[in-house]
Each structure stands twice: as C-alpha cells, then as structure tokens.
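Since every read-out is calculated from the coordinates, none of them should be taken as a lab result. Everything quoted here is computed from the prediction, not taken from an experiment.
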Amino acid sequence: MRRLAALLGRKDGTPQVVRARAPALRTALTVAGLLIAAFAIYVVYEFGRYNAGYDRQAVAQQRTELEVKIEHLEKDNREMRTQLAELDTFRVGRAHEQAEVARSIGELQAQVAQQSQELAFYRGVVAQGASSIGIKIEQLRISATDHPGMFTVHLSLLRSGRADQDTAGTLNIGLDGTANGEAKSLELAALTGGRTHELHYIFRYFQDFDQDVNVPAGFKPEQLQVELHSNKKDVPPLSQSFLWTVETAP
C-alpha cells in the first residue's frame, strides 16, 4: 500500500497530478498525416499520368535518343563548318589565280598589240618598195653639243626588204659647204680628226648610229651626204643628201 501510495501521491497522501504530453503527439500526427497526404497525391498523380498514356521509361528512352541525335547534329555541324572554311580558302586561292591569269592575259594582249603595230610598220616600209641595197635611211637629225663646232649626227637605218638574214656593209658620211666663198667637201676622216674613215653596219631589221663630227672654223655646212655600200659586190650603193639643219635645244 505504501508503494502504491508513493506512486500515486505524496507522503502526506495528496494525489500527484500526471501531465499529458498532448501537443507533441498532435504535432507528430499532423506531420505524419501531411507526409501520407503528399505521398497519396504523388501516387494519384503518377497513376493519372499512367492512365493518360505517360510512360516514364519510354520518356527516358526518348530523351536519350534525342540527346544522341543532338550530338550527331552538332558533329555534322562542325564538319560542315570545316568544309565551309576549306571551300572559302579554296575560293580565295582560285580568285588569286584568276587575278594572276587575268594580269598575264592583259600583258600578252599588250605585247600582241605592240607586235601588231611593229608588223604593220614594217609591212608599210616593205610596201614602199625596196631599194637595190635593201636598206632605207629611216631618220637623220643633227644636234649640237656643248663644244663649239661639235655636232652629233643621229642616223637610223631600216631594212626595206625581206629580213631573212643579216645585211652588212659600210656607211660613209660627208659634208658639203663653202669655205672662204668657195665650195668645199669634207669626208668623215676630216670631220673626225682622222679617227674614223667609215662606219660599219650589220643588222637584220634596223640599226642606229650616233656619230660626232667636228665642223672646222670658217666652214659653212650646207648638205650632209650619206652613202651606203653593201658587202655584196653586185649590189650598187645607196646615196642620199640631207640639208644641214641643226635641232634647236628644247
């Protein structure tokens, strides 16, 4: 009895109050109820999707297939970009080659035009008729030098016949004029101080000469005589006279 009294009350016999822990229990039950409700909702949601035809495994497999397809497309895209870069490089190279070809064609066309002009010129010369020696004095002009009495004779010889081989011979220059009121002629040796007696030519198409002559003081030149002799014995010489006209300095 004492033991029971000790358990049920105090020593003086007053009953001991046992306090219930109801709030903690209610909280635990509430949390458990919420978890059960959430789980039930999820089950109902999954069950609804299943009834609607939704298959999680099929969706996962489809997602994997789509990822693989995306990877293949990205790979194809990289390959196409590489090919595009190669084609662009090739295009630039072709453009450069085409520019070089166009430049070469332009240069060749210019050369053809120049050669056509030269050919027309030579044909015109041939059409004028060839002399027996087959050479024409194309141009002759006289210019003064810095030394008094010293002049330069510029002479151009041009082939007037068929140029199938070289032509060769000698060229003589003489000067006719007056000295002390009398007619006088000077040969090339006299005009060069004895250094040159005749000039030699050998060419197939044309040849230029620049010969210095010294006109003595007191001599008044009037005409310049040019005479060509071929090395072929049966060809007569070609003689031509030119007025002594000195070019004025520009």
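For the stretch 151-220, what does the alpha-carbon gyration tensor say about shape, rounded, prolate or oblate, given a ≥ b ≥ c as the root eigenvalues, a/c under 1.5 as rounded, and a/b over b/c as prolate? Please list the in-between numbers first.
Values: a/c = 3.02, a/b = 2.61, b/c = 1.16.
Here the stretch 151-220 falls in the prolate category.
Please state the shape class of the stretch 58-115: rounded when a/c is under 1.5, otherwise prolate if a/b exceeds b/c and oblate if not, all from the C-alpha gyration tensor.
Because a/c hits 1.5 or more and a/b exceeds b/c, the stretch 58-115 counts as prolate.
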